[in-house]
1. For a quick check of your reading of the model, give me the residue pairs whose first member lies in segment 1-16 and is in a loop (DSSP other than H, G, I, E, B), whose second is near the ligand (Cβ under 7 Å from one of its atoms) and charged (D, E, K, R), with beta-carbon atoms closer than 6 Å and at least 6 apart or on different chains.
2. Can you find a residue in segment 35-50 that is loosely packed, with under 15 Cβ neighbours inside 10 Å, modelled with pLDDT under 75 and acidic (Asp, Glu)?
Amino acid sequence: MKVFCKLFGHTWVHKTSNPKIRWSTNAKSLAELDLSAEGESALWLECQRCGAKNENPTREEIKRAC
Ligand SMILES: [Zn+2]
């Protein structure tokens with residue numbers, strides 16, 4: 001873990017390996033996101049700075065990520 005992450009926490013960004021997942025461009029809430037993916041682990045959060053992964057993010061964690 002990098003010093004920055006220790007001090008300020010990880011800088012999560014959305015990652016996906018599944019092209020079927022489309023983040024609706026005008027989604028106002030998670031309920032409007034088009035998560036019509038099949039299969040598992042198609043969406044995860046990854047730290048932009050140290051590369052740490054959160055493979056099973058909660059909806060709350062997804063919401064907090066940029
Ligand atoms: Zn980090």
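The values are calculated or read from the model by the stated rules, or taken from the named source; none is laboratory data. Note that the structure is a prediction, hence the values are computed from the model and not measured. In this analysis, Cβ positions are derived from the backbone assuming ideal geometry, glycine residues included, and neighbour counts consider all displayed protein chains.
1. Going by the 6 Å Cβ cut-off, the qualifying pairs are LYS2/ARG49; THR11/ARG49.
2. yes
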